[in-house]
1. How big, on average over all directions, is the shadow cast by the Cα convex hull of the chain, in nm²?
2. With Cβ to Cβ distances under 10 Å as the rule, what net charge do the other residues near Glu128 carry (K, R +1; D, E -1)?
3. Given the alpha-carbon gyration tensor of segment 89-138, what are the semi-axes of its equivalent ellipsoid in whole angstrom, ordered largest first, with each equal to the square root of 5 times an eigenvalue?
4. Lys/Arg Cβ at +1, Asp/Glu Cβ at -1, dipole of the chain taken about the Cα centre: which of Thr425, Ala64, Ser654 is farthest positive-ward?
5. Among Phe439, Pro456, Ala623, which residue has its Cα positioned farthest towards the positive end of the charge dipole of the chain, with +1 placed on the Cβ of Lys and Arg, -1 on the Cβ of Asp and Glu, and the dipole taken about the Cα centre?
6. With runs of 4+ DSSP H residues as the only contributors, calculate the mean residue ellipticity of the chain at 222 nm using -39,500 (n - 2.57) per run, divided by the residue total and rounded to the nearest 500.
7. Roughly how many debye, to the nearest 20, is the charge dipole of segment 378-548 about its Cα centre, given +1 on each Lys and Arg Cβ, -1 on each Asp and Glu Cβ, and no other charges?
8. Determine, for each peptide in 584-591, 204-211, 102-109, 603-610, the mean count of other beta carbons within 10 angstrom over its residues, then list the peptides with the highest first.
Amino acid sequence: MFKDTTTPRLFGVPCGVDFPKALVNGLLTRSTGLPPDALARCEVILNTTRMTRRVRQLFDAGPAVLLPRLTLLGGLTAGSPLPPAIPALRRRLELTQLVSKLLDTQPDLASRASLYDLADSLAGLMDEMQGEGVSTDVIRDLDVTDQSGHWARAQSFIGIADQLVALHDDAMDKEARQRQLVTDLIARWQDTPPQHPIILAGSTGSRGTTLMLMKAIAQLPQGAVILPGFDFDQPDAVWAELDNPLTSEDHPQYRFHKILRDLEMSSGDVTPWSSDQPAAPARNRLISLALRPAPVTDAWMREGPKLQDLGTATEHLTLVEADGPRAEALAIALRLRQAAEDGQTAALITPDRMLTRQVASALDQWDILPDDSAGVPLQLTPPGRFLRHVARLFSRTLTSDQLLTLLKHPLTHSGAERGKHLLHTRDLELHIRRNGPPFPDGASFTRFGTARDLTPGWIDWLSHCFDAQVVAHTLPLSDWMIRLRILAETIAAGPQAPDASGGLWDQKAGREALRIVEELEGEAHHGGDLSARDFGDLLGALLSQDEVRDRDAPYGSIMIWGTLEARVQGADLLILGGLNEGSWPEAASPDPWLNRQMRSQAGLLLPERRIGLAAHDFQQAIAGAEVWLTRAKRTDEADTVPSRWLNRMTNLLSGLPEQQGPAQLDAMRRRGQTWLDWARALEKPTPIAPAGRPSPRPPVSARPRKLSVTEIPRLIRDPYAIYAKHVLRLKPLNPLVQEPDALLRGIVLHRVFELFVKQTLADDTALSPEVLIETALKELEAHVPWPVARSLWMSRIRRIARAFVEGEQNRQQRATPALFEGEGHARLDPLDFTLTCRADRIDRDARGMLHLFDYKTGAPPTVAMQKKFDKQLLIEAALVEQGGFEALGPGEVQSAAFLGLGNTLKEVTAPLDSDPPDQVWDELKELISAYFDPNQGYSSRSMMHKDDQLGDYDHLARYGEWDRSTDPTPEDLL
């Protein structure tokens with residue numbers, strides 16, 4: 001197939017050429033005229049499974065030939081047997097244990113939460129060292145002058161690496177085994193060189209092991225290496241400038257230069273592999289010049305004027321510079337939709353997964369499901385989320401939202417009668433919202449099931465699955481896996497199928513999750529002892545590393561690729577998205593073990609090398625037939641910086657006015673702006689007139705005939721709330737996540753002081769701060785299951801305990817408590833209206849005079865506020881004098897006061913002198929009579945204390961579309 005030559009064989013495929021297609025075309029061309037078995041004797045080594053699949057598809061398309069042997073880099077074999085590779089999961093579990101011990105001895109190295117990230121970074125570093133042929137001895141011999149901190153971490157790494165090697169005398173790490181295999185293979189070739197063609201195609205030689213193999217194959221009698229995306233337009237002088245890695249390693253062609261240098265070849269020795277030509281040769285020349293190494297960008301001045309075909313180079317380039325990520329995603333989605341309508345194949349290429357999700361979401365409105373090569377992270381699939389929720393049961397006390405999240409999960413109770421399960425779940429949710437508790441348990445489940453017609457066994461299943469699952473001690477990983485699988489399958493199956501697993505392991509995501517679980521079960525004995533939290537973190541980390549791809553996309557012509565997938569496929573339209581620094585190229589991941597200088601001395605990958613690989617991906621992708629370049633000028637947090645490659649291209653074009661460079665750049669931007677304008681028009685909201693300030697006037701017969709004393713201030717300040725509650729009969733839904741809010745604090749503190757005062761009546765010696773504090777401790781322990789809230793509320797009670805006791809001594813000297821939490825009511829004649837009341841406390845003195853007290857956990861209303869709005873205590877006094885409390889009978893009120901139980905004890909008296917009970921009663925009748933007038937509306941927020949004070953029904957009144965300056969809009973309701 002190849003002619004004899006004294007130099008190594010290096011071939012290249014230009015940027016913009018479909019590499020797999022060019023590879024197949026070149027093979028077919030070179031086998032023309034040879035015996036039919038000549039192609040079958042050829043061995044082609046490819047670097048990815050996707051590449052292999054695509055090459056096979058191209059051969060299957062015809063003509064009919066005997067296929068060459070297609071081999072993956074990872075599937076090479078050597079003559080001598082090698083020890084088996086250590087399973088990746090086992091290696092990771094062992095590394096995790098070693099890093100955990102390191103953190104135990106050096107807690108200042110990193111937080112415990114970073115345990116698995118450190119283990120992953122260490123695993124990656126060891127793989128890299130083995131791939132580059134760097135031993136731990138090399139790290140020990142580094143020059144560490146003025147790097148004591150980094151050297152200490154490096155020493156820790158060396159210790160862990162040595163321990164890991166000592167664990168396995170009869171096995172090898174995958175990367176070390178691959179390097180040894182390649183070394184043995186090269187040694188065998190040197191002794192007996194193979195005479196059949198061996199071709200390595202598609203690799204850039206970014207890894208040391210691969211580079212070593214490429215150089216060996218290029219020198220075989222019938223060996224050849226085919227380089228993807230080779231820049232044939234780059235002058236020899238520029239290739240020579242790439243010698244210095246410190247200034248050139250981020251160049252897209254640097255890896256090829258290293259191969260040429262090691263083989264003592266020049267760029268002119270690389271010949272085209274096939275006759276396939278790039279889609280836009282002029283653009284290739286433009287990009288080649290734009291991406292010159294930084295020290296030689298003066299070539300722009302020298303070679304820029306030679307670019308006379310900028311119009312052709314940029315004719316099919318579109319530059320989209322959106323204001324934000326949403327606008328960028330929508331513009332991309334619109335163009336992909338147009339491609340689907342026109343029958344084009346189109347692909348979005350970007351490493352930014354957030355952008356791809358936004359584009360996929362925008363395409364969903366037109367029922368376009370793109371073929372996403374990356375798929376969905378397993379942890380975000382239903383089985384992945386389900387398993388993580390179940391694992392969390394072991395480490396956290398069960399909360400209402402956690403319980404309902406699992407009960408409503410589509411995989412829960414998926415075995416049988418799921419419909420009934422969902423009905424029971426909805427009833428349970430309403431019960432928990434109304435009655436609690438904030439931390440459900442078996443007893444609360446039993447109370448819920450009492451006197452309810454539920455599916456037999458449902459409550460027992462609920463208690464078995466969710467009651468007392470927290471494990472406070474460490475367990476072996478194997479025990480955790482047993483617990484996880486049994487509990488997950490039980491929850492998924494439901495009570496009717498106790499020995500099944502429901503739909504948990506069905507579908508592709510379920511089968512992939514089962515594979516992870518079974519693999520973890522098989523290697524669990526290498527995992528050591530873990531806490532419940534560490535086990536949950538481990539499970540989440542493992543699930544996050546796998547992805548599930550749906551191959552049954554309805555629009556196979558609309559694709560989303562990562563940069564790796566883009567190397568082996570082609571499309572009519574390529575959209576290069578997220579071209580900002582930090583996105584493409586991605587920000588370098590920090591290495592917690594070796595700093596940049598130490599990595600450079602050791603011969604490991606530098607951040608610049610990774611940027612160079614990303615630059616090569618960009619150079620290949622931008623050479624397509626029609627290309628979009630997109631970026632967002634700002635994220636939610638800050639302005640963005642354009643990708644360095646995009647910046648170079650635009651700067652070069654801007655500096656070539658004589659060749660119409662600025663004009664062509666403006667044309668690229670105008671084409672992009674057109675789509676941005678369409679995207680903006682698509683999202684432009686339809687104007688809707690704002691709502692007016694409501695003031696409904698329901699029929700008198702529908703208006704409320706009973707209100708409590710506490711609702712009268714609301715009737716004054718926000719009548720619409722009374723209308724919504726009593727006429728529409730709408731009640732706010734209690735939050736699912738119960739918190740120690742002001743309402744609970746008020747209920748509990750009322751209870752504390754009621755019990756304390758009752759004790760003092762039975763025993764004079766109980767009137768002491770110590771007894772008050774003891775009573776508070778018991779009540780808070782019984783009714784407040786939040787330790788932090790108990791502590792805060794208890795500290796408040798301690799601060800006011802002495803002041804309350806001293807005040808209580810004076811109060812009891814004047815009068816004796818006669819009624820606690822007393823129920824009262826009275827009719828307002830001649831109105832058909834009843835006023836109800838629950839009095840906190842009423843005392844009676846020796847003369848029969850009554851003294852009213854109302855506990856306030858917040859700030860009590862001032863005297864001025866009581867006169868105008870907050871008339872609760874004044875109305876209560878009037879109700880007492882009207883004989884509204886049967887337990888007391890009619891009586892005269894001597895005094896009334898609010899007792900503020902905040903950070904300090906504050907007593908605010910009610911202005912009975914200026915607002916006597918008879919006057920207040922008459923004013924109340926006048927107020928209620930006004931709302932029996934058909935022309936009186938229930939206006940929203942008529943006299944609110946503060947504009948920022950929100951009500952339960954403001955959303956119903958559409959507050960925000962109007963403000964307090966808006967006049968109410970009366971509306972008669974039938």
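Laboratory data are not the source of any read-out in this text; all were calculated from the coordinates shown. Treat the numbers as computed from the prediction; the structure is a model and nothing was measured. Every residue, glycine among them, receives a Cβ derived from its backbone with ideal geometry; neighbour counts consider all protein chains shown.
1. 53.4
2. -2
3. 21, 12, 9
4. In the chain, that residue is Ala64.
5. Most positive-ward Cα: Ala623.
6. Rounded to the nearest 500, the figure is -14500 deg cm²/dmol.
7. Dipole about the Cα centre, nearest 20: 720 debye.
8. The most tightly packed comes first, giving 204-211, 603-610, 584-591, 102-109.
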